[in-house]
């Protein structure tokens, strides 16, 4: 049974389409997808809040702390994380990234989503991305 589980895990890792994206500390990070979603999630091991963090989609005029900060699943806002924003059009922005933003990011409930390039054209299908800040 244990070997079957290990084999399944290895197959899942091979089939996953996770981008590895690198960005320099202090720069703004932007990632856009075509999928309608209401939330992004991340696991960032270097932060004090090591569990899963989420950020909800907010309209442009919404200015609450929950729209600019990552939260836990219960809705508690982490004001000491990087200022971020997720728009309903699928755009995730992390302003002035720091090393603690390094981690794995995904859209909860979506097994695959299509990314949009800087030119506005649809690109490949992905399961999430790994962000590396240097």
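The values are calculated or read from the model by the stated rules, or taken from the named source; none is laboratory data. None of the values given here were measured: they were computed from a predicted structure. We place every Cβ from the backbone using ideal geometry, glycine too, and count neighbours over all the protein chains shown.
What the table shows:
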| read-out | value |
| --- | --- |
| Filtered residue count, the stretch 79-100, keeping only those that are outside any strand (DSSP E or B) and either free of Cβ contacts under 8 Å to residues at least 60 places away in the same chain or at positive phi (or both) | 11 |
| Considering residues of the stretch 37-51 that are surrounded by fewer than 11 Cβ atoms within 10 Å (Cβ to Cβ) and out of contact with any strand residue (DSSP E or B) (no Cβ under 7 Å at 6 or more places or on another chain) only, the residue nearest to residue 133 (Cα to Cα) | 48 |
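Quick grid of which residues meet (1) modelled with pLDDT of 80 or more; (2) in contact with a strand residue (DSSP E or B) (Cβ under 7 Å, 6 or more places away or on another chain); (3) under 19 Å from residue 126 (Cα atoms); (4) assigned to a strand (DSSP E or B):
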site: 4; (1), (2), (3), (4): no, no, no, no
site: 10; (1), (2), (3), (4): no, no, yes, no
site: 27; (1), (2), (3), (4): yes, no, no, no
site: 35; (1), (2), (3), (4): no, yes, yes, no
site: 53; (1), (2), (3), (4): yes, yes, no, yes
site: 61; (1), (2), (3), (4): yes, no, no, no
site: 67; (1), (2), (3), (4): yes, yes, no, no
site: 75; (1), (2), (3), (4): yes, no, no, no
